[in-house]
Amino acid sequence: MSTGPVNPVSLERPPLSDTLRKQSPVIMLGTLLLINAIFTNNFFTIDIVWLIIIQCATIILTGMGQTMVIATGGIDISIGSQMALAAVVCANMLPYGILPAIIAAIIACAVMGLISGFMVGKLHVSPMVVTLSMLLFARGVAQVINDGRILYIDQYKNFEFLGQGKILGELPMQIIPIVLVVALVYFIIEKTAWGRRIQAVGDNPTAARLTGINATGTVISAYVLSAMFAAMAGLVLVSKVGAADGSNMGRLAELDAIAAVAVGGTSMAGGRAKVMGTLLGAIVMQLITITVVMNNIQYEYAQILKSAIIIFAVFIQRESRA
């Protein structure tokens with residue numbers, strides 16, 4: 001008995017190239033793990049797992065904020081300086097208590113994000129120009145507060161636990177802010193109207209405004225949240241190293257964050273945000289560093305490889321939007 005004609009569309013499979021694009025972060029991660037399994041001695045140990053988590057913490061935190069900003073069609077290259085500002089503000093406020101120090105650091109960076117978001121969202125100034133100016137401004141403020149010196153915080157052991165402590169005897173403390181921030185951003189992007197507005201503004205700002213979306217407020221909120229996550233990264237970093245250096249802390253951190261977003265598959269032109277992709281991208285970036293270090297290869301080669309991967313990731317996105 002005939003069951004009628006089969007709809008050929010229902011049998012179509014997505015092209016292999018589309019599958020590779022969508023799964024590129026997983027493929028890159030798997031490739032690096034395979035390389036290390038073959039060439040790196042003692043790689044698959046629990047100590048290396050904890051090391052990756054510790055080293056990835058700041059990249060993941062800043063990458064989550066960068067994901068939201070890039071999803072709006074913008075970019076924030078000031079987050080490394082904001083990390084330094086948060087570290088310096090916190091270190092100088094610690095004599096008044098750990099909680100006031102943390103709150104002051106987050107507020108200081110949130111103000112920076114508010115300024116950047118207002119200039120981009122309301123005044124329509126180029127995100128690159130705005131955040132480049134903020135990069136210089138935040139770094140300058142951090143240096144002025146510390147008077148160009150390094151401020152050590154060795155006496156504040158309770159605060160240093162954030163970056164150096166372990167919970168349940170084994171787990172690095174940094175895993176807590178990582179899990180909280182990743183879960184929060186994933187919930188915002190995937191489950192809330194706010195997340196849909198962020199992606200709509202990045203995909204087509206004009207259409208978003210015509211549908212009644214407050215594009216200005218949406219952009220501002222993304223930059224503020226990104227700055228707050230950068231502050232958290234700065235707090236983790238200063239607690240880990242036990243010192244606040246306004247001149248050098250967080251330098252080039254924005255590049256690792258942007259790389260994690262690009263490798264993770266979030267379109268650099270704005271639109272769809274891939275939170276878990278950014279998480280994988282951050283791990284890929286850190287795995288590259290660990291791989292070259294453990295195999296006694298000069299660190300400069302890691303930078304070259306990272307650059308090549310970023311270019312390749314952006315090229316894949318270009319193809320997928322064609």
Size of electric dipole in segment 46-321: Cβ of Lys, Arg +1 and of Asp, Glu -1, about Cα centre, debye, nearest 20: 680 debye
Distribution of pairwise C-alpha distances over segment 77-173, 10 Å bins, in %: 16, 38, 29, 15, 3, 0
29 Å Cα-Cα threshold exceeded, pairs from 122/191; 240/306; 191/240; 22/166; 22/306; 166/191: 191/240; 22/166; 166/191
Amide proton proximity set for residue 73, modelled H, under 5 Å, gap of 5+: 270, 271
Label of the coordinate-derived value, Rg and Dmax of the Cα atoms in Å, listed as (i) 18.8, 58; (ii) 19.3, 63; (iii) 21.0, 87: (iii)
Contact order relative to length of the chain, as percent, for alpha carbon pairs under 8 angstrom and 6 or more apart: 33 percent
R0 of 41 Å, Cβ-Cβ distance residue 129-residue 37: FRET efficiency to nearest 0.05: 0.35
Segment 156-233 and segment 51-78: distance between their alpha carbon centers, rounded to Å: 9 Å
Helix 253-264 axis, angle to the chain major axis (alpha carbon atoms, nearest 10°): 20 degrees
Folded to 0 to 90 degrees: helix 46-71 orientation relative to the chain principal axis, Cα: 70 degrees
Label-point gap, in nm, between residue 312 and residue 164 - each point 7 angstrom along Cα→Cβ: 3.9 nm
Folded to 0 to 90 degrees: helix 193-203 orientation relative to the chain principal axis, Cα: 70 degrees
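Bear in mind these aren't lab numbers, they're just calculated from the coordinates by the rules spelled out. Note that the structure is a prediction, hence the values are computed from the model and not measured. For neighbour counting, all protein chains shown are included, and Cβ atoms are generated from backbone atoms with ideal geometry for every residue, glycine included.
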